[in-house]
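Have a look at the structure below, then the notes.
The values are calculated or read from the model by the stated rules, or taken from the named source; none is laboratory data. These figures come from a predicted structure and were not determined experimentally. Reconstructed Cβ throughout: ideal geometry from the backbone, glycine too, with neighbour counts over all protein chains shown.
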Amino acid sequence: MFENVGVINLGTYLLGALFIILLPGPNSLFVLATAAAKGIRPGYFAAGGILVGDTILIMLTAAGAGTLLQTVPVLFYLLRAIGAGYLFYLGVRILWSLARPTPEQTNPTPEILEQQVKHNNYFSKALVLSLLNPKAILFLLSFFVQFVDPSKGHPWVAFMVLGGFLQLFSVVYLFTLIFGGARLADSFRKQRFLAVICNAAVAILFIVFAVRMAFGVA
């Protein structure tokens, strides 16, 4: 269905996107912390800010990547190489953080979560948190480019399709965090192995993707 616009290996992408969304990060932690400390309504505002910020980044990524791949096709392969190295770095870094966790990771106390929701304007704070992530566009490019065929359709359309699926998963996940709230935070605090397994799975997935990209495996 989406092959006509240049999307390839959609099933693999959806699986990878799901794992990526489940990876605990600053955005999801902020939404979780807001909902746990302040309630469901502030959690909605925080989730809204994250989603708007991520949407802006996805649109910028799609526009820039589409123009780049169409005007200078050779850079597509250079981008794949850079993306492979970056994804491999992310995977190794995640595994390293699991081997040498910080006190905040091993014991995310309510006080630590409370420190992240000091301001009342949750939407604006979440929006800035999402936009002030210079690695996001590089990550989106390095991940999305594996599933885009620049010879078919318009690359920017394919990027937008992939971004749409990613945002759909984000909506479901963030709303789950809001309703899970303090119970979910307590579960991760008491059973750290759940977070460890999730992070390890994503790290391995990143490394596998990096190898695929480095050797040009479709």
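Worth a mention:
- Among the residues examined, Phe76 qualifies as modelled with pLDDT under 75, in a helix (DSSP H, G or I) and more than 17 Å from Val202 (Cβ to Cβ).
- Test for Ala63: is it surrounded by fewer than 17 Cβ atoms within 10 Å (Cβ to Cβ), modelled with pLDDT under 85, farther than 21 Å from Val171 by Cβ and touching a Phe, Trp or Tyr at 6+ places or on another chain (Cβ under 7 Å): yes
- Elements of type helices (runs of 4 or more DSSP H) contained in segment 113-218, each with 3 or more residues being at pLDDT below 70: 135-144, 155-190, 192-214
- Look at segment 3-21: where a residue is under 12 Å from Ala158 (Cα atoms) and a partner is at pLDDT below 85 and aromatic (Phe, Trp, Tyr), sitting 6+ places away or on another chain with Cβ atoms under 8 Å, you get Leu10/Phe2.
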